[in-house]
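What follows is a short report on a single structure.
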Amino acid sequence: MGTERKEKKSLFYQFINGVEVIGNKLPHPFYLFSILIVVAIVLSVIFAGVSVTYEKASSSGAGGEMVTTTVRNLLNKETITYVTQNMYSIYYNFSPMMMMGLLMLSIGLAEQVGLFGACIKRTIAGAKPAFVFAAVSFIAINANTASNAGILGCTAVAAAVFASMGYNPWLGILLAYAAGNAGMSANIFVGNLDVLLSGINESVCASLGIDTSTVHVLQNWYFMLACAIVLTLVYAFVTTKFVRGFIGEPKDLSLVQDAGADKELTPLEHKALRNAAIAGVVYIALIILACIPSGSFFRADDGSIVPNSPLLKSALTLLFLFFLVTAIAYGRTTRALADWNDLPKMLAKSINSMVNFMVIALPASVFIYLFNASNIPTVLGAAGAAWIKSTGINGFGLMLMIVLFSTFLNLFMTSGSSKWMILAPILIPMFYAIGFSPALTTVAYRIGDSATNAIAPISSDVALIVGLLGKYNTDPERTPGMGTVFAGCMPYAIATMLTELVILALWWILNLPLGPGVLMFF
């Protein structure tokens, strides 16, 4: 039995090692996205004129409308002149670069002054690895409450935290990135995606005369809550048993942290950490006070804060300011930030870590713009959903098919709400006709979408993760690439898919409610 188990483990490692080797044989991401630009143009020329007519839902709850989408030949005057005249805006408005560029300023400062290392030594330095992995998993899974900014922010912080604890920072990057993306269908909170999806469902149901009383932002909450708890444990197990061995232990942590990072805290560092904590508490208290008035600028128009408000939309800025304030308080106390003139110098050094990604972001931003402008993802999604409807498959097999199709569509179209606007008007009535609630249809879609987000090849975030791996590389002989991201996240993607399908099967068998007052079947 032991030999068989060892062989199975060996075969699995061979598989993910193969994924990394093959993936890293791809051209440098700069050239890969440049090639994809050409591919997108060629495909648009070949399939120009191919069209599909479908009902497109609205995210606001208003009725849907019939639209016809046609693949556009990108070699036209309008597209060419737009790209040439607006290259700077396509590039500088590339959301991952904007978000991480801001956040890395203060995270880099916190690293340089030693704040992260001191926090780890003071709190969980002696904790067992499984506990650390579970904690990071749980935080990352729920980070998507603040949308993509929360996921990317958690990933960057996890890298610095793991380095401070003596773990390979690559492990923190891959764990947080995979868990954050899995959180799209596993969360203890209600996030912006829940608002968007419920709005789309309401639009579709209203147009079909389906009762909308069970279509609300909590329609999947019970299921998501269970997934968040179970996946936390599953991710800790997968990290311990599989991914940690694949990534390996750090070779030279001095490349990514200060040489004295493993020493005990000095009295001065204790004082600095206390001052940083005071600064952090005061900062958070001010934000809470700002949220109290019913007309607060942090509240939505209806006075709410969750699930969609200026407060949550400001998460990235607030996180940036939090690390900035606490890092300054810590650095000024330890004299790591001896002079105020050192602050801009350290901030400049922090942004240097983004240089490689900024280079990759140029062709990546252009490719994503052109691919979306060609309408190929939209046509593919609508045509695929229509095909599923024509298969005649029923029961749990239909659930599985929707999950797999959502996974496939992730290869070409990464926006969760955009895909659902296309799929919902086709899938919801199809499922409703055989007694499935809109909430159940949404769950099946979300499982496939979230499980493979971390390994979606055209995701704009992949280039950023490659950049983070390069920044936190402790092995000069190992060069990270897209293959490293896909191989490191593959075990999590497989685990997420299998775990959520098992949970869905249990929900199906026991006929449990998916949310408050929301049943699986009519």
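The values are calculated or read from the model by the stated rules, or taken from the named source; none is laboratory data. Here the structure is a predicted model, which means the values were calculated and not measured. Quick reminder, even Gly has a Cβ in these numbers, built from the backbone with ideal geometry, and neighbours come from all protein chains shown. Accessible surface is based on the protein model in full, side chains and every heavy atom, while ligands, DNA and RNA are left aside. Shrake-Rupley method; radii C 1.70, N 1.55, O 1.52, S 1.80 Å.
See the values below:
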{"quantity": "Some residue of segment 298-310 being free of Cβ contacts under 8 Å to residues at least 12 places away in the same chain, open to solvent by 50 Å² or more (accessible area, probe 1.4 Å) and more than 22 Å from the chain's Cα centre (by Cα)", "calculated": "yes"}
{"quantity": "Any hit, segment 426-436, residues being open to solvent by 10 Å² or more (accessible area, probe 1.4 Å) and in contact with a Lys or Arg (Cβ under 7 Å, 6 or more places away or on another chain)", "calculated": "yes"}
{"quantity": "Matching residues in segment 437-465 - criterion: being in contact (Cβ under 8 Å) with a residue 60 or more places away in the chain and surrounded by fewer than 22 Cβ atoms within 10 Å (Cβ to Cβ)", "calculated": "458, 460"}
{"quantity": "Pair list, Cβ under 9 Å, 6 or more apart: segment 273-289 residue in contact (Cβ under 8 Å) with a residue 60 or more places away in the chain, other residue charged (D, E, K, R) and exposed (fewer than 15 other Cβ atoms within 10 Å of the Cβ)", "calculated": "273/122"}
{"quantity": "The one condition in (1) buried (at least 24 other Cβ atoms within 10 Å of the Cβ); (2) modelled with pLDDT under 90 that residue 129 fails to fulfil", "calculated": "(1)"}
{"quantity": "Options 327, 285: the member that is over 27 Å from the mean Cα position of the chain (by Cα), closer than 25 Å to residue 111 by Cα and modelled with pLDDT of 85 or more", "calculated": "285"}
{"quantity": "Contacts under 6 angstrom Cβ, first residue in segment 479-497 being in contact (Cβ under 8 Å) with a residue 60 or more places away in the chain, partner of a type in the set (Asp, Glu), 6 or more apart", "calculated": "483/20; 484/20; 487/20"}
{"quantity": "Long-range neighbours under 6 Å by Cβ, at least six apart or interchain, first residue under 15 Å from residue 42 (Cα atoms) and in a helix (DSSP H, G or I) within segment 362-385, second open to solvent by 20 Å² or more (accessible area, probe 1.4 Å) and polar (S, T, N, Q)", "calculated": "368/460"}
{"quantity": "Per-region count, segment 480-502, residues hydroxyl-bearing (Ser, Thr, Tyr) and open to solvent by 10 Å² or more (accessible area, probe 1.4 Å)", "calculated": "1"}
{"quantity": "Complete set of residues in segment 211-255 that are outside any helix (DSSP H, G or I) and either acidic (Asp, Glu) or open to solvent by 70 Å² or more (accessible area, probe 1.4 Å) (or both)", "calculated": "211, 213, 249, 251, 252"}
{"quantity": "Any hit, segment 469-483, residues being assigned to a helix (DSSP H, G or I) and of a type in the set (Phe, Trp, Tyr)", "calculated": "no"}
{"quantity": "Given (1) open to solvent by 20 Å² or more (accessible area, probe 1.4 Å); (2) under 20 Å from residue 247 (Cβ atoms), number of the condition residue 188 does not satisfy", "calculated": "(2)"}
{"quantity": "Residue match in segment 319-330 (condition: surrounded by 18 or more Cβ atoms within 10 Å (Cβ to Cβ) and closer than 30 Å to residue 402 by Cβ)", "calculated": "no"}
{"quantity": "Condition met for residue 167 (open to solvent by 10 Å² or more (accessible area, probe 1.4 Å) and of a type in the set (Ser, Thr, Tyr))", "calculated": "yes"}
{"quantity": "Hits in segment 6-25 (condition: modelled with pLDDT of 75 or more and surrounded by fewer than 16 Cβ atoms within 10 Å (Cβ to Cβ))", "calculated": "11, 13, 14, 15, 17, 18, 21, 22, 25"}
{"quantity": "Residue within segment 503-512 that is open to solvent by 20 Å² or more (accessible area, probe 1.4 Å), closer than 30 Å to residue 254 by Cα and not charged (D, E, K, R) present", "calculated": "no"}
{"quantity": "Residue tally, condition part of a helix (DSSP H, G or I) and either free of Cβ contacts under 8 Å to residues at least 40 places away in the same chain or in contact with a His (Cβ under 9 Å, 6 or more places away or on another chain) (or both), over segment 19-30", "calculated": "0"}
{"quantity": "Odd one out for residue 391, checked against (1) closer than 20 Å to residue 431 by Cα; (2) crowded, with 20+ Cβ neighbours inside 10 Å", "calculated": "(2)"}
{"quantity": "Within segment 100-114, tally of residues that are open to solvent by less than 10 Å² (accessible area, probe 1.4 Å) and among the polar types (S, T, N, Q)", "calculated": "1"}
{"quantity": "Segment 347-369, residues that are crowded, with 20+ Cβ neighbours inside 10 Å and either on the phi > 0 side of the Ramachandran plot or of a type in the set (A, V, I, L, M) (or both)", "calculated": "354, 360, 361, 364, 366, 368"}
{"quantity": "Test: residue in segment 478-490 that is polar (S, T, N, Q) and farther than 17 Å from residue 24 by Cα", "calculated": "no"}
